[in-house]
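The structure appears right after this line, and notes come after that.
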Amino acid sequence: MADTREYGERDSGADGFLSRARTVAAPGFNRWLVPPCALAIHLCIGMAYGFSVFWLPLSRAIGISDPVVCPNLSLIGALTTTTCDWRVSDLVWTYTLFFVVLGAAAAIWGGWLERAGPRKAGIVAAFCWCGGMGIAAIGVSMHQLWLIWLGSGVIGGIGLGLGYISPVSTLIKWFPDRRGMATGMAIMGFGGGAMIGGPLADLLMKHFASPAGSGAGVGVWQTFLVLASVYFVFMMAGAIGYRVPAEGWAPAGWTAPTSAKASISRFNVALSNAHRTPQFWLVWLVLFFNVSASIGIIGIASPMLQELFGGRLIDAPGVLFTAFDDDQKKAAAAVGAGFVGAISLFNIGGRFFWAWLSDRIGRKPMFATILVAGALLYGLAAPALAGTTLGLFILVFCILASMYGGGFATAPAYLADLFGTKYVGAIHGRLLTAWSTAGVVGPLLVANMRDRAIAAGVPRGDIYPPIFWVLAAMLVAGFVANLFVRPVAAKFHMAADERPVAVETVAGGGTVAAEGGTSPVIVFAWLAVGLPILWGIYMTLSKALILLK
C-alpha cells in the first residue's frame, strides 16, 4: 500500500552507524537500558521549562545592577537594540517559541523519525537543542534578542520536538506490557529537566557574573555555553544508546492482550490515516483541555498564592498583598518559590504515577479520573479554599499539577492502544500540536482574565475564583471528549498488516529482554541519570520546605 511505501522501513543509509537497521538490538539485550537513554535526553531538553531563571538577569544585561530602561521601545526595536535592556515580556517570547516550534517539529518530522529510527533523531535533537543554546549565547554576548529567539526558540524548539518524541515509539515497543510506565519514566524526565537545570543555571550565573564594566556581565552567555556542552554529552550518549527490538519481539512469558482488554488495538493504523479518525481528534481535545486548564495557572502560581493569601504567608495576616513593603515582598516571594517547587515535584511524580496507574485501569478510565477530579478541584475546592486554608489550597494545586503531568505521560500509551505501535511516535508528534495550541491559549486566557479583573479594581483575593471555574469547565469539556473515544474502525487498519501488532510468543531467534539481574553498564546508566535527578529533588525540596515553617 501507499502508506507502507511512504512510511516504511526504507533508510537511505541502511548500512550506516545512524541507520535504523544498526540500532536493532542483538539477542540478550536488556530492555532496561533503554529508559535511562530516554531520560538522558528528556532531562536535558526539559530545561525549556526552567528558562525563566534567565529572564531577570537578561533584563539587566546592559545595566547589570540598574537596568537601562527605554520607555518607548517596541517589540521590533527590542530585537536589535544594543543600548536598552530587554523587558521580561520580550524575553518570554522565547518560551512561547519553544512549545509552538516543538509541536510543529514533532508533527512535521514524526514520520521521518519512524523511518530513520530514534538514534538519528536523538542526535539531530542534540545538535539542534545544544547548538541553539550556543547561538543564543552569541545573541546574549552581542545583545541581539533575535539571535536568542532564533537559537533557543526556533532551532532549539526543533530539538525539543525531535528529542521529546524520539523515545516514545521505542519504549512502547520494548514495554508492551507496561506502556504507561515506560513512557511515564521518560516524560517524567522532561518535567524534571528544569528541576535540575534551573538550580544549576543559577549557580553558574552566580559563578560567572561580574560587576559592570568587566566584560563578563550577568553570566548568562557563559552559562548557556556550559549547559550546552554538558547537555550535548548526555544527549549524544542517550541517542547512541538507543536500541529498537527485532521484528516479532515480545517479553518472555508475555502474551498480547485480547481485543476486549482495555480497548487495546491489535492492528496498526498508518500515519497518513490517523488524523482522519475521530479518535485522533478526540484525544487531541482531551490533551488540549487538560493542558490548557493547568499550564496558564501554573505559570502564575507564585503571584497567585501571594495575592490570595497576602500577609498570612508571612505571619502578618492583616496586611494585603498590595501593601507589602520590600522585606515582606521578599519573604512572600520565597514562600511563592516554595509553592512552585512543590508543584514541580508533584508534576514530575504525577507523570510516573498516573501513567503507571493507566497500565492497571486502562487509559480511558485514567483520563476520566483526572479530568473529573480536576474539574471538582478547580470548580469547588480551589474557590472554597482561596484565601482561607493555606495548606489544603497548596495540596489541591499539587494534586492538579500531578494530573497535568500525568496527562502528558499517558497520551503516548493511549495512542498506542488506539492506533497500534508501528507509527505511534509519529502520531504522537502530530498530537503534540494540542500542547502547542494549549501553551498559547491557556496562559493568554488566564493572563487576560487576571489583567481585566485588576484593571476593573477587583480585590486581589476575588480575582481567581472565576478563573478556576472557567478552567473547571475546560476539564469537563475534555471529559466529554474522552467519553466518545472508541476503538478505531476496521476500515482504518492497515490492509498490509493483517496479522496482529504483537505476537503472543517470541518467534525462533527473537530477542528476549532480561528481566532479572544487572550489569555494570545498567548500573552506570541509571546512576548517570539518577544522581542528577536526586540532586534536583534535593534542591527543589530545600525551597519547598519553607511551606512547612
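The values are calculated or read from the model by the stated rules, or taken from the named source; none is laboratory data. Nothing here was measured: the structure is a model prediction, and the numbers come from that model. In this analysis, Cβ positions are derived from the backbone assuming ideal geometry, glycine residues included, and neighbour counts consider all displayed protein chains. SASA here: full protein model, heavy atoms, side chains in, ligands and nucleic acids out. Shrake-Rupley method; radii C 1.70, N 1.55, O 1.52, S 1.80 Å.
Entry remark, segment 317-334: residues being surrounded by fewer than 16 Cβ atoms within 10 Å (Cβ to Cβ), free of Cβ contacts under 8 Å to residues at least 24 places away in the same chain and more than 33 Å from the chain's Cα centre (by Cα) number 6 in total.
From the list A525, A472, which residue is within 30 Å of R452 (Cβ to Cβ), modelled with pLDDT of 90 or more, buried (at least 17 other Cβ atoms within 10 Å of the Cβ) and of a type in the set (A, V, I, L, M)?
Numbers: A525 fails: within 30 Å of R452 (Cβ to Cβ).
The unique qualifying residue is A472.
Looking at segment 140-189, the helices (runs of 4 or more DSSP H) lying wholly inside it that each contain 2 or more residues that are surrounded by fewer than 24 Cβ atoms within 10 Å (Cβ to Cβ) sit at 145-148. Considering only residues in segment 335-351 that are surrounded by 24 or more Cβ atoms within 10 Å (Cβ to Cβ) and within 22 Å of L415 (Cα to Cα), the one that is farthest from the chain's Cα centre (by Cα) turns out to be G350.
For (1) crowded, with 18+ Cβ neighbours inside 10 Å; (2) in a helix (DSSP H, G or I); (3) touching a residue at least 40 places away in the same chain (Cβ under 8 Å); (4) touching a helix residue (DSSP H, G or I) at 6+ places or on another chain (Cβ under 7 Å), each residue gets a yes or a no:
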{"residue": "A26", "(1), (2), (3), (4)": "no, no, yes, no"}
{"residue": "L33", "(1), (2), (3), (4)": "yes, yes, yes, yes"}
{"residue": "H42", "(1), (2), (3), (4)": "yes, yes, yes, yes"}
{"residue": "M47", "(1), (2), (3), (4)": "yes, yes, yes, yes"}
{"residue": "V53", "(1), (2), (3), (4)": "yes, yes, yes, yes"}
{"residue": "R60", "(1), (2), (3), (4)": "yes, no, yes, no"}
{"residue": "N72", "(1), (2), (3), (4)": "no, no, no, no"}
{"residue": "I76", "(1), (2), (3), (4)": "no, yes, no, no"}
{"residue": "T82", "(1), (2), (3), (4)": "no, no, yes, no"}
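In the set (1) touching a residue at least 24 places away in the same chain (Cβ under 8 Å); (2) in contact with a Ser or Thr (Cβ under 9 Å, 6 or more places away or on another chain), the condition left unmet by I361 is number (1). Quick one: would you say G122 is free of Cβ contacts under 8 Å to residues at least 60 places away in the same chain, open to solvent by less than 40 Å² (accessible area, probe 1.4 Å), under 15 Å from G163 (Cα atoms) and assigned to a helix (DSSP H, G or I)? The answer is no for G122. Determine, yes or no, whether T369 is more than 27 Å from the chain's Cα centre (by Cα), among the hydroxyl-bearing types (S, T, Y) and open to solvent by 60 Å² or more (accessible area, probe 1.4 Å). So T369 fails the test. The set of residues in segment 513-522 that are farther than 14 Å from A40 by Cβ, modelled with pLDDT of 55 or more and surrounded by 11 or more Cβ atoms within 10 Å (Cβ to Cβ) comprises T518, S519. Evaluation of D202 against the conditions (1) within 30 Å of A401 (Cβ to Cβ); (2) crowded, with 24+ Cβ neighbours inside 10 Å; (3) of a type in the set (D, E, K, R) shows that the sole unmet condition is (2).
You will find that of G425, G420, the residue that is in contact with an Asp or Glu (Cβ under 7 Å, 6 or more places away or on another chain), open to solvent by less than 10 Å² (accessible area, probe 1.4 Å) and of a type outside the set (D, E) is G425 and no other.
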